[in-house]
1. Considering only region B:465-509, give the helices (runs of 4 or more DSSP H) lying wholly within it that have at least 1 residues that are within 26 Å of B:Thr169 (Cα to Cα).
2. Kindly list the number of the only condition in (1) touching a residue at least 60 places away in the same chain (Cβ under 8 Å); (2) buried (at least 22 other Cβ atoms within 10 Å of the Cβ); (3) not in a loop (DSSP other than H, G, I, E, B) that fails for A:Pro165.
3. Just to be sure before I move on: is B:Gln317 within 12 Å of chain A (Cβ to nearest Cβ) and at pLDDT below 75 in the structure I sent?
4. Name the residues in region A:65-114 that are over 30 Å from the mean Cα position of the chain (by Cα), touching a residue at least 24 places away in the same chain (Cβ under 8 Å), crowded, with 21+ Cβ neighbours inside 10 Å and not in a strand (DSSP E or B), would you?
5. Only residues that are hydrophobic (A, V, I, L, M, F, W, C), modelled with pLDDT of 90 or more and not in a helix (DSSP H, G or I): list them for region B:393-443, please.
6. Of all residues in region A:75-90, which are at the interface with chain B (Cβ under 7 Å from one of its Cβ atoms), of a type in the set (Gly, Ala, Ser) and closer than 30 Å to A:Tyr135 by Cβ?
7. Checking B:Ser96 against (1) hydroxyl-bearing (Ser, Thr, Tyr); (2) without any contact (Cβ under 8 Å) to a residue 12 or more places away in the chain; (3) part of a helix (DSSP H, G or I): exactly one of these is not met. Which one?
8. For residues that are small (Gly, Ala, Ser), under 17 Å from the mean Cα position of the chain (by Cα) and buried (at least 21 other Cβ atoms within 10 Å of the Cβ), tally how many sit in region B:457-474.
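The values are calculated or read from the model by the stated rules, or taken from the named source; none is laboratory data. From a predicted model like this one, the values you see are computed outputs, not experimental measurements. FYI the Cβ positions are ideal-geometry reconstructions off the backbone, even for glycines, and counts take in every protein chain you see.
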Amino acid sequence: MATENPVVEIQNLSKHYGEFVALDNLSLTLDRGSILGFIGPNGAGKTTTIRILVGLSRPTSGSAMIGGADCVRDIAKVRRLVGYMPDKFGSYDNMRVREYLDFFGAAFGISRKVRQKRIAEVLELTNAVWMQDRYVESLSHGMQQRVGIARTLLHEPEVLILDEPANGLDPEARIEMREILLRLAGEGRTLIVTSHILPELSRICDQVAIVAGGKLRAMGSLDDVTRTLSQRRTIEIQLLSAEGIDAVGEHVRTALGADSDITVSAAETTIRCRTAADDQQLGGLLRTLVTDGVAVGQFREVAGDLEEAFVSAAREAEAERMGTATQEVSQ
Amino acid sequence: MIHGITVILGRELLAMLRSARVLAILMGVAVAAALLVLLKWPSTSITDLDGARGRDVFRWITWAMFTAAILVVPVFPSTLLVREVRRRTLELLLNSPLSRSSIYFGKVLAMLGFVVLLLASTLPAMASGYLMGGLSITEDIIRMYLMMMLICVHLIVIGLLVGTWTRSTESALRWSYGVTFALMVLPWFPDALFPGGDSPLARGMQMLKLISPIPAVLQMLNQNSLSGTGLMETRDAVMTYLNFSAVFLTVGSFVCIRRLSHSLLDQSRSQGYITDDQDGWVQASRRILYLVDPQKRSKGIPPLINPVMVKEFQCRQFGRMHWLLRLVAGCAVLSLLLTLASARGTESRGVEYTGALIIVLQVSLIVLLTPGLAAGMIAGEIEGGSWNLLRATPMGPGRILFGKLTSVLITLALLLCATLPGYAVIMFIKPILKPQVEQVLFCLLASAILSMLISAVTSSFCRATAIATTAAYGILITVFGGTLLVWVNRDAPFGRDLVENVLRLNPMAAALNAIQAEGFTDYNLLPSAWWIAGVSSLLLMVVLFAQTLRLTRPD
């Protein structure tokens, strides 16, 4: 997965907590200006990877570099290069939004004059100007997430790492969040975003990495990842008329085997198949249908979605885990 | 209603009894009471016919129960309601068919159940005391247990009331300990500082003393001489306290039930009213009315100032500049009162007596306030999730720690400065005491630093502010109050050398020794007490820095 202009480089990263392996030889690289959707089931190793990248955790082995700075040896440099938003907001009592941002700006050593300018800019960028005088703890979750992003932007980091930024947001807030992230990517920043809301990620990410059981299961563009991980493909057969569609459905079922899911929709004059059949089998099916005089309007493969790939990776990890457990028991 | 009370009582009491902490508390109290009996157990074969030893043991167990009650009981009711509000379980209760009264009385009875167990843990020790003779079961023992129960109910109602006003467990703890302290100790100070006289004011001050349960307990123990003069000799302190309690419990319960509603769950925060956005005349009027306008938009943290220190002040409920000015003003008023008290007290009771009172008042305030200021400094950040944000900034552990400690020290310094004029009066009346007063001031500074570091170190080892605050109170009360228990037993069973060595651990005792307060003149605590406080502070500082370093490093 080597790239031409990498800003994030992770090589064989492992993290063990006693016997438990949180990360197992994870390697990935990420280009400047791209948005990586970092997804996986709970306990997959996403947060562990992120914590290593921002210098909050030390790997057991392997290396992680951001903008050429080592995440273990050059922590000070990494902190200036990275803007980190954890999944927990971390608010302070009795502090207004502006004061909250002012404190973190000062903590990053930004001079008072520059700080005031930066606060105005990041509030503008995150559509949060109107809440600058509100108390942080009185804000709704969606508002707090926006303030959290504004905070990560204060010191103009090259890489933004956002842990579950869309978690708990209502649809409107989610759309706003998506727009903000796209705007940030448009400014040339590199974003690593974790989320469980997969349709959301599929709309903004140009790269997706799926981790499960501490291992990287797939990485690449959305299409690549879904193709790699999806074990079954979806085929849609559209007929020109609904007449005899049930019989055609039965025919398709017989041809593709009992393990395929066949859905017949007379209203849409469509038959949908979820099948593990290869191209040769599908070609044979189409030939038979045409030979039998079925009026086929369309015969096409529907692109798989991220959710399917996610489930597939999670199942793979679970199967591995169960396999290991069974081996241990038999030994 | 009875059904509702039973439901709540069962749930709360079971939850408490399942906690290992509650078991540890009960065991601790039982062991402490047993140790007291062992200390007072006759070492000779001479029979004590007048029952004096039995009464002595009775007094000690009573004070042990009293101390356990004021240390332990406020913790549970005050945090209970806050936790229910934060976990939204109160919402479920209020939406159930249970009435507010049944929820309230269920909780009170559950706490009372715990109190019964707490007091019962002293029963074996009390039985041993009874066997020594000189005690009546009905007149002494049962009456005293009933009085303790009443005091505990008093504390439970205070705790629940505090819980309906506060939003965090830390603040609930701080306020309930504060109110408990105010109820127990503060009513004594006006009469102690302005003694004597038969004027209405003097009688009022003597009357005020009786709202504290301490005079009632003293009267029941026949320790009237300890409670001073005046009303104690002519008035029934027990009856006065019973009357006051009846009124307080009725009004307190009524207020608490009224406040136990959905409004607790629906508290709106300020929407961010800011003077800069108001009309010209509003801005002009606020400029006249406020020295420091709390609603004025901040210009940002000034250069060269530690941002963590500014943040700590901003986050504190009373840390903003306008509150600090009020604190200074309050301290100035307190200072004037103490000056007046010093002048009057010196005339009637001597410089040493007044000096000792001021020292005890100051150290009490330090012990009361410091855990609230310092015990959440790290635990609170970890609990709230902001510690990781601090770790992700370029600030090192030294800078973070310096900012946090400075914010506490400045507040404590303001508090200490308030009493300087009182000492000035003492020095004016008796100039020969100047070196002693200087020693006292040094001891007070040592007390403040030690309290701050103990609270901060406790905070660095805990992940929840409430636990850190409770632990810090426990340690500080042991250092400043527990060592005095050994001093109280200075004739028997503890020898002079042991008492002197133990008192060296307590900077307040060193201050009392420096001012030559009664009972402390026989010891030679200085400068060794300074060395001990200094070395302890240094060690605590090292531990604190090491802990902060560990917590800021990658896991």
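1. On the way: elements: B:465-477, B:483-488, B:496-503.
Once the helices (runs of 4 or more DSSP H) in region B:465-509 are filtered for at least 1 residues that are within 26 Å of B:Thr169 (Cα to Cα), what remains is B:465-477.
2. (3)
3. Working: within 12 Å of chain A (Cβ to nearest Cβ): yes; at pLDDT below 75: yes.
Taking the combined requirement at face value, the residue satisfies it.
4. Within region A:65-114, just A:Arg98 meets the criteria.
5. B:Met395 - this is the single residue of region B:393-443 that is hydrophobic (A, V, I, L, M, F, W, C), modelled with pLDDT of 90 or more and not in a helix (DSSP H, G or I).
6. Matches in region A:75-90: A:Gly90 only.
7. (3)
8. Keep residues of region B:457-474 that are small (Gly, Ala, Ser), which gives B:459-460, B:464, B:466, B:468, B:471-472, B:474.
Pick out the ones that are also under 17 Å from the mean Cα position of the chain (by Cα) and you get B:466, B:468, B:471-472, B:474.
Applying the additional criterion that residues be buried (at least 21 other Cβ atoms within 10 Å of the Cβ) yields B:466, B:468, B:472.
Looking only at that region, the number is 3.
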